[in-house]
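Beneath this line is the structure, given in structure tokens, with notes to follow.
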Amino acid sequence: MKIILASKSPRRKEILSLITTDFEIMSEEVDERAIEEEVLESGGGADEVQRQLALKKARAVYDVLDEDQKRDSIVIGADTSVVCDGQILGKPVDKEDARRMLTMLSGKTHEVITGVCVKTAAAEEVFTDTTRVKFGDLDKYQTDLIERYINTDEPYDKAGAYGIQQGGALLVETVEGDYFNVVGLPARKLSQVLDTLLM
């Protein structure tokens with residue numbers, strides 16, 4: 001079976017490389033905002049948003065494969081969000097938005113939820129994994145860190161305006177759960193699912 005990662009994220013590529021080096025990357029655009037709005041309007045929460053985004057991303061790639069490829073492929077779709085005080089934080093639009101998000105997260109524990117869909121011709125396995133992350137208190141040190149961090153390029157392509165695997169690590173006090181889930185893929189859980197499929 002050929003494994004296809006339906007994501008251009010270099011971070012997800014690195015995590016999947018821990019599980020297997022034998023995979024390809026292929027991604028198709030999906031309207032993430034429309035999917036999120038649809039789920040929330042129907043009464044679903046952040047967990048369901050992530051499940052649907054992962055599912056739609058996997059299906060978008062699966063649907064462009066030819067019949068032989070569909071029969072012999074495992075497509076992995078994923079999406080990660082940061083949830084604080086019941087609010088889903090997307091990618092910041094500018095420096096002020098990044099500052100707002102990081103200030104809001106400081107001194108609190110938030111949830112990082114990654115939805116994953118593993119799709120084959122026979123099945124669609126969709127699951128989420130949640131990691132609890134606590135930021136340092138909003139003291140002078142944290143405020144200075146935030147200012148330095150938002151002046152780098154790092155926050156602007158990441159949900160919640162931080163990457164734990166880079167300079168954003170300094171903002172974090174504790175992590176409860178799968179660290180790799182915060183980076184973009186729950187490594188152990190995904191490894192177990194793939195192991196079951198490939199047995």
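The values are calculated or read from the model by the stated rules, or taken from the named source; none is laboratory data. On a predicted model such as this, the values are computed, not experimentally measured, just so you know. Cβ atoms come from the backbone with ideal geometry, glycine included; neighbour counts cover every protein chain shown.
Before moving on, here are some points about what is shown:
- Scan segment 68-121 for residues that are farther than 23 Å from Glu29 by Cα, modelled with pLDDT under 95 and in contact with a Leu (Cβ under 9 Å, 6 or more places away or on another chain) and the total you get is 0.
- Every pair of residues 6+ apart whose Cβ atoms lie under 7 Å, when the first sits in segment 167-196 and is on the phi > 0 side of the Ramachandran plot while the second is among the charged types (D, E, K, R) and buried (at least 16 other Cβ atoms within 10 Å of the Cβ): Gly184/Arg11; Gly184/Arg12
- Total residues in segment 146-164, condition in contact with a Pro (Cβ under 7 Å, 6 or more places away or on another chain) and part of a loop (DSSP other than H, G, I, E, B): 1
- In segment 28-44, the residues that are over 16 Å from Gly86 (Cβ atoms) form Cβ pairs under 9 Å with partners that are outside any loop (DSSP other than H, G, I, E, B) and of a type in the set (Val, Ile, Thr), at six or more places apart or across chains, as follows: Glu28/Val61; Ile35/Val49.
- Condition met for Thr143 (among the β-branched types (Val, Ile, Thr), modelled with pLDDT of 95 or more, assigned to a loop (DSSP other than H, G, I, E, B) and more than 30 Å from Ile3 (Cβ to Cβ)): no
- Among residues of segment 165-198, those that are surrounded by 21 or more Cβ atoms within 10 Å (Cβ to Cβ) and of a type outside the set (Gly, Ala, Ser), counted: 7
- Test: Leu18 is out of contact with any Ser or Thr (no Cβ under 7 Å at 6 or more places or on another chain), touching a residue at least 40 places away in the same chain (Cβ under 8 Å), crowded, with 22+ Cβ neighbours inside 10 Å and within 30 Å of Ala169 (Cβ to Cβ): no
- Among residues of segment 66-95 that are loosely packed, with under 14 Cβ neighbours inside 10 Å, those with a Cβ under 7 angstrom from a residue that is part of a loop (DSSP other than H, G, I, E, B), sequence gap 6+ or separate chain, pair up as Arg71/Ala121; Asp72/Met1.
- Test: residue in segment 4-11 that is at pLDDT 95 or above and in a helix (DSSP H, G or I): no
- Only a single item in (1) in a helix (DSSP H, G or I); (2) under 29 Å from Tyr149 (Cα atoms) is not met by Val61, and it is number (2).
- Selected residue (criterion: farthest from Tyr179 (Cα to Cα)) from residues of segment 103-124 that are hydroxyl-bearing (Ser, Thr, Tyr) and part of a strand (DSSP E or B): Thr109
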